[in-house]
2 protein chains.
Amino acid sequence: MAADSLSRVFSALADPTRRDMIARLAVADATVNELAEPYAVTVQAVSKHLKVLEDAGLVTRTRDAQRRPVHLEAEVFELMTKWIERYRRQAEERYRRLDDVLRSMPDDVAPIPPPKTGEPS
Amino acid sequence: MAADSLSRVFSALADPTRRDMIARLAVADATVNELAEPYAVTVQAVSKHLKVLEDAGLVTRTRDAQRRPVHLEAEVFELMTKWIERYRRQAEERYRRLDDVLRSMPDDVAPIPPPKTGEPS
DNA sequence: TTGTTGTTCAATCAATTGGTTGAACAACAA
DNA sequence: TTGTTGTTCAACCAATTGATTGAACAACAA
């Protein structure tokens with residue numbers, strides 16, 4: 001299996017069935033049987049999918065008599081968003097500055113923006 | 001392969017080597033050989049990784065003489081962020097309201113917020 | 001106790017994935 | 001032309017994945 005947690009999270013969400021489960025769990029907690037109902041697969045297959053989501057830290061399972069309600073954990077999403085936003089911003093910044101094309105124009109690089117007249121401090 | 005684009009994107013980012021490539025491409029465009037250099041795999045393996053990233057729409061390849069520089073595309077990231085943020089917000093909202101526990105307290109649900117006095121229209 | 005329901009484990013299978021090597025193609029240099 | 005460099009294609013292999021069926025376990029009801 002994937003060694004690092006970020007790989008596990010991305011890998012877990014790479015499956016449309018698992019993403020659909022997440023979507024439904026965002027509305028309300030559900031049991032394995034409830035989750036399996038709309039899909040054309042066996043309950044065991046859904047149980048396996050849940051194990052993948054659980055290993056990724058996306059869901060947790062509690063105990064309610066003989067039922068095992070599945071609960072969505074929101075914190076892990078931030079791990080992804082952080083990674084994505086970092087490179088998205090970097091790539092957009094690079095695009096905005098047109099760094100590749102305008103590298104030969106030193107005036108445009110200007111790491112220190114010109115101070116506005118009358119700005120305090 | 002994965003049918004839908006979101007699956008392709010998540011699947012592409014589920015590999016640490018591919019994520020590292022993205023990180024390096026966020027700094028500057030690079031050729032297959034340049035990208036392959038730090039890894040202990042063949043150039044062909046890296047070329048395959050790039051095909052996965054390309055199929056997911058995360059990178060594009062242009063032509064510069066006999067080189068094929070790889071360029072990071074930022075737009076696709078938004079597809080992911082949108083999906084993630086949607087359910088993260090939903091899950092957090094649900095947690096904030098403690099819906100599961102406090103469902104029996106109607107006062108707390110209040111779907112219509114009290115109008116502020118003197119608000120126009 | 002025995003039965004019923006919900007869930008998971010184990011073995012198996014086909015398809016996919018990430019890697020390899022070797023051959024081929026593409027663009028330039030002599 | 002022939003060679004050199006950068007890249008991709010093709011065939012193959014081991015490991016992983018998503019699904020199956022059948023058995024087992026866990027908690028409750030009679």
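What follows is calculated from the coordinates using simple rules that are stated; it is not laboratory data. Fair warning: this is a prediction, and the values are worked out from it, not measured in the lab. For neighbour counting, all protein chains shown are included, and Cβ atoms are generated from backbone atoms with ideal geometry for every residue, glycine included.
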If labels are modelled 7 Å from Cα along the Cβ direction, residue B:57 lies from its partners in the other copies at nm distances, smallest first, of 2.9
Taking 0.36 nm per residue of separation between residue A:40 and residue A:5 and subtracting their Cα-Cα distance, the length gained on full extension comes to 9.6 nm
For segment B:43-55, in residue order, the Karplus 3J(HN,Hα) values (coefficients 6.51, -1.76, 1.60; θ = phi - 60°; whole Hz; Gly and Pro = x) are 4, 4, 5, 5, 4, 5, 4, 5, 4, 5, 5, 5, 4
Expressed in angstrom and ordered largest first, the alpha-carbon extents of segment A:18-96 along the principal axes are 55, 26, 21
Over 27 Å (Cα to Cα) among A:51/B:48; A:51/B:82; A:82/B:51; A:51/A:82 -> A:51/B:48
